[in-house]
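Following: one structure in structure tokens, then a few remarks.
The values are calculated or read from the model by the stated rules, or taken from the named source; none is laboratory data. Since the model is a prediction, treat every value here as computed from it, not as a measurement. Cβ: placed from backbone, ideal geometry, glycine included. Neighbour counts: every protein chain shown. Surface areas here come from the heavy atoms of the whole protein model, side chains and all, with no ligands, DNA or RNA. Shrake-Rupley method; radii C 1.70, N 1.55, O 1.52, S 1.80 Å.
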Amino acid sequence: MPGPLLVLLGCLPGLAAVTALGLCAGGVDHAATAASGSRPPAARPAAVHPAVRPPVVPRAAWLDDLARHAQPPPRYDDKVVAVFVHHTDSPNGYSCADAPRIIRYLYAGQIGARDWDDIGYNFLVDRCGTIYEGRAGGVDRPVTGAHTQGFNHRTAGIAALGTFTAGVPVPQAMVDAIAALTAWKLGLSDIDPRTDVRLTSSNSRSRYAAGATATLPALAGHKDGYMTSCPGAALTARLPEIRETAARLQGRTAAKAARSLTGTP
């Protein structure tokens, strides 16, 4: 989209900005039921294939006191066994210095127009490869997000800032950052990013009826779980590369992973 549209976006109040920024979030539901509770997760054994934690910019970089919204304590699952990749359906021609402002408007729209308790995504990545903490609760913990209708439990949501429909270039720095983040988050549970996992749908508005067990990629696109085109054809086409890079960063062999299944509680 042209630069002037991004400038206009920056001038919109949170409620209006979400109209432009929140199209991909149409398939997102409120995070989780109270049954998840706010209990800290149980201790996990050391992962066999860990990956280095990439730098993550904290929420304080984009959420100031004026924008901050009162919210309940975070909710947690026991571990993260899958990652869903999104795009924010917002303009691509932004300066990376503007990423905090864009994330702030996403947050304002989701807690305003949608009446959520926090931004839905666990992480956001800009075109320069900078990773931002999204939903509160601790980046190294299995925070229950609100990013993929029916599949917020035991998953993490990573949103690429921009619109990546067919033919739109996906910056390599963004691809590499998503791979590094995926390798680290899935490595904490020793999940191979190239494998499949079993997840239980919590909401019949997803592609699967509530209570149904779905077999999905450990690194999935939003559209794998919900009727949407998100994260766009261009970014979807890069997911195989991201899986392979993430597996390599975990120290796994170059051989194709066995399609083992894990993840169902």
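Return the residues of region 180-209 that are under 16 Å from residue 146 (Cα atoms), touching a residue at least 60 places away in the same chain (Cβ under 8 Å) and open to solvent by 20 Å² or more (accessible area, probe 1.4 Å); say none if nothing qualifies.
200, 202, 203, 205
With (1) touching a helix residue (DSSP H, G or I) at 6+ places or on another chain (Cβ under 9 Å); (2) modelled with pLDDT under 50; (3) buried (at least 20 other Cβ atoms within 10 Å of the Cβ) as the list, and residue 83 as the residue in question, which single condition is left unmet?
(2)
Report yes if residue 157 is closer than 16 Å to residue 239 by Cα, crowded, with 24+ Cβ neighbours inside 10 Å, touching a Gly at 6+ places or on another chain (Cβ under 9 Å) and not hydroxyl-bearing (Ser, Thr, Tyr), otherwise no.
The answer is yes for residue 157.
Only one of (1) aliphatic (A, V, I, L, M); (2) closer than 11 Å to residue 178 by Cα; (3) open to solvent by 10 Å² or more (accessible area, probe 1.4 Å) is not met by residue 136, so which one is it?
Single failed check for residue 136: (2).
Taking residue 98 and the conditions (1) over 15 Å from the mean Cα position of the chain (by Cα); (2) touching a residue at least 60 places away in the same chain (Cβ under 8 Å); (3) in a loop (DSSP other than H, G, I, E, B), which numbered condition does it fall short on, given that it satisfies the others?
Evaluating residue 98 over (1) over 15 Å from the mean Cα position of the chain (by Cα); (2) touching a residue at least 60 places away in the same chain (Cβ under 8 Å); (3) in a loop (DSSP other than H, G, I, E, B) leaves (3) as the failure.
If I ask for residues that are touching a strand residue (DSSP E or B) at 6+ places or on another chain (Cβ under 7 Å), open to solvent by 10 Å² or more (accessible area, probe 1.4 Å), over 17 Å from residue 181 (Cβ atoms) and outside any helix (DSSP H, G or I), which ones from region 213-239 would you list?
213, 215
Taking the conditions exactly as written (at pLDDT below 50, touching a Ser or Thr at 6+ places or on another chain (Cβ under 8 Å) and in a loop (DSSP other than H, G, I, E, B)), does residue 31 satisfy them or not? Spell out how you get there, then give the answer.
Numbers: at pLDDT below 50: yes; touching a Ser or Thr at 6+ places or on another chain (Cβ under 8 Å): yes; in a loop (DSSP other than H, G, I, E, B): yes.
The answer is yes for residue 31.
What do you reckon, is residue 182 within 15 Å of the chain's Cα centre (by Cα) and among the polar types (S, T, N, Q)?
On the way: within 15 Å of the chain's Cα centre (by Cα): yes; among the polar types (S, T, N, Q): yes.
Here the answer is yes, as residue 182 does meet what is asked.
Is it the case, given these coordinates, that residue 175 is β-branched (Val, Ile, Thr), surrounded by fewer than 23 Cβ atoms within 10 Å (Cβ to Cβ), closer than 14 Å to residue 86 by Cα and at pLDDT 95 or above? Break it down stepwise before answering.
Details: β-branched (Val, Ile, Thr): yes; surrounded by fewer than 23 Cβ atoms within 10 Å (Cβ to Cβ): yes; closer than 14 Å to residue 86 by Cα: yes; at pLDDT 95 or above: yes.
Judged against the criteria, residue 175 is a match.
Looking for whichever is within 14 Å of the chain's Cα centre (by Cα) and either in a loop (DSSP other than H, G, I, E, B) or farther than 22 Å from residue 246 by Cα (or both) here; the options are 151, 84. Which one fits?
151
Hey, among the residues in region 117-133 that are open to solvent by less than 10 Å² (accessible area, probe 1.4 Å) and out of contact with any Gly (no Cβ under 9 Å at 6 or more places or on another chain), which one's farthest from residue 214 (Cα to Cα)?
131
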